[in-house]
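Novice: Dumping the structure here so I can ask a few things about it.
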Amino acid sequence: MAVSITYLGHSAFVLDDGTHRVAIDPFITGNPLAPNTPGLRADDIQVNAICLTHGHADHLGDTAAIATRTGATVYCSWELHELLTEQGVKHTEPGNAGGRIDAKWGWVAFTQAFHSSSVNGRYLGQPMGVVVRLGGKTVYHCGDTGLFSDMKLLGEIYRPDAAMIPVGDRFTMGPELAARAAELIGAPVAIPIHYKTFGLLRQDCKGFAPSGITVRELTPGEPWRLS
């Protein structure tokens with residue numbers, strides 16, 4: 001099977017296997033790179049599930065509004081589950097790093113990440129990466145993180161077909177460390193994320209050149225077929 005991967009800018013994605021649609025970190029409102037494309041805007045996007053890596057505003061984004069409107073199930077940390085429940089979200093599946101949650105369309109597994117997670121001073125649990133299995137394909141979204149050697153082990157365990165890796169520096173890995181991360185994970189395709197969005201981030205992914213890995217720099221709004 002094939003899975004369509006649509007980048008929404010920053011760290012946000014929609015995965016679509018033709019039957020189910022899964023969003024990751026849907027930061028759309030306030031995201032200057034988000035496409036103004038019907039079906040991908042915060043007020044009309046349709047998804048069955050949302051996966052969150054952590055609680056910073058540029059990742060939590062429009063989750064509550066989208067989940068409330070669509071009835072999507074949100075996969076997230078326990079603390080994010082508590083916050084979203086307070087905000088009226090009806091369907092959540094909380095978990096933590098090392099855990100896996102089955103879904104009718106596949107599964108979600110959380111990994112460790114080295115970062116932080118809060119909003120307006122409220123602690124929102126451990127930051128995480130997320131592995132999503134959908135349509136016979138596996139993708140590993142690293143979330144916001146620094147480099148860590150267990151990325152090699154995660155690659156061996158989950159064998160992702162593609163990895164979304166932050167390259168923007170300052171708050172996450174820069175391109176050179178992200179290249180090392182891609183080599184450790186070993187996915188055949190690496191997609192750079194978390195850059196260009198704001199002035200404090202790197203404005204390009206120059207230097208993100210992992211050995212033996214295809215780098216796929218996606219344009220926001222244009223679907224790419226992982227087959």
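The values are calculated or read from the model by the stated rules, or taken from the named source; none is laboratory data. Note that the structure is a prediction, hence the values are computed from the model and not measured. Here the Cβ positions follow ideal geometry from the backbone for every residue, glycine too, while neighbour counts run over all protein chains shown.
Novice: When you go through (1) touching a strand residue (DSSP E or B) at 6+ places or on another chain (Cβ under 8 Å); (2) within 15 Å of T172 (Cβ to Cβ) one by one for D150, which number turns out not to apply?
Specialist: Every condition holds for D150 apart from (2).
Novice: Sticking with this one: For V89, are the conditions met, namely being part of a strand (DSSP E or B) and buried (at least 22 other Cβ atoms within 10 Å of the Cβ)?
Specialist: So V89 does not fit the description; no.
Here's the yes/no breakdown for (1) farther than 22 Å from A49 by Cα; (2) among the charged types (D, E, K, R); (3) free of Cβ contacts under 8 Å to residues at least 24 places away in the same chain:
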| residue | (1), (2), (3) |
| --- | --- |
| G121 | yes, no, yes |
| K137 | no, yes, no |
| G143 | no, no, no |
| M151 | yes, no, no |
| I165 | no, no, no |
| G168 | yes, no, no |
| L200 | yes, no, no |
| P220 | no, no, no |
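Novice: Output the strands (runs of 3 or more DSSP E) that fall wholly within region 93-167 and possess 3 or more residues being within 23 Å of L218 (Cα to Cα) and of a type outside the set (G, A, S), or say none.
Specialist: 128-134, 137-141, 162-166
Novice: Right, next: Have a look at A57, A23, A2, A72 and point out the one that is of a type in the set (G, A, S), in contact (Cβ under 8 Å) with a residue 40 or more places away in the chain, surrounded by fewer than 19 Cβ atoms within 10 Å (Cβ to Cβ) and within 28 Å of G121 (Cα to Cα).
Specialist: A57
Novice: Separate question: Among the listed residues G135, G129, G168, G143, identify the single one that is at positive phi and crowded, with 22+ Cβ neighbours inside 10 Å.
Specialist: Criteria check complete, one pass: G143.
Novice: Mind checking whether some residue in region 197-206 is surrounded by 17 or more Cβ atoms within 10 Å (Cβ to Cβ), outside any loop (DSSP other than H, G, I, E, B), touching a Pro at 6+ places or on another chain (Cβ under 8 Å) and modelled with pLDDT of 95 or more?
Specialist: The answer is no; no qualifying residue exists.
Novice: Sticking with this one: Looking at K104 and the list (1) within 14 Å of V22 (Cβ to Cβ); (2) surrounded by fewer than 19 Cβ atoms within 10 Å (Cβ to Cβ); (3) within 15 Å of the chain's Cα centre (by Cα), which single condition is not satisfied?
Specialist: Among (1) within 14 Å of V22 (Cβ to Cβ); (2) surrounded by fewer than 19 Cβ atoms within 10 Å (Cβ to Cβ); (3) within 15 Å of the chain's Cα centre (by Cα), K104 violates only (3).
Novice: Do we have G71 as over 22 Å from H115 (Cα atoms) and touching a His at 6+ places or on another chain (Cβ under 9 Å) here?
Specialist: When the stated conditions are applied, G71 passes them.
Novice: Filter region 75-86 down to residues that are assigned to a helix (DSSP H, G or I) and either among the aromatic types (F, W, Y) or surrounded by fewer than 18 Cβ atoms within 10 Å (Cβ to Cβ) (or both), then give me how many there are.
Specialist: 4
Novice: Among (1) assigned to a helix (DSSP H, G or I); (2) without any contact (Cβ under 8 Å) to a residue 12 or more places away in the chain, there is one condition D44 misses while meeting the rest; what is its number?
Specialist: Of the numbered conditions (1) assigned to a helix (DSSP H, G or I); (2) without any contact (Cβ under 8 Å) to a residue 12 or more places away in the chain, the odd one out for D44 is (1).
Novice: Considering (1) farther than 30 Å from L84 by Cα; (2) not in a loop (DSSP other than H, G, I, E, B), say which one P210 fails and leave the rest.
Specialist: So P210 meets the others, but not (2).
Novice: Taking region 75-110 as the region of interest, how many residues are farther than 15 Å from V130 by Cβ, without any contact (Cβ under 8 Å) to a residue 40 or more places away in the chain and among the aliphatic types (A, V, I, L, M)?
Specialist: 2
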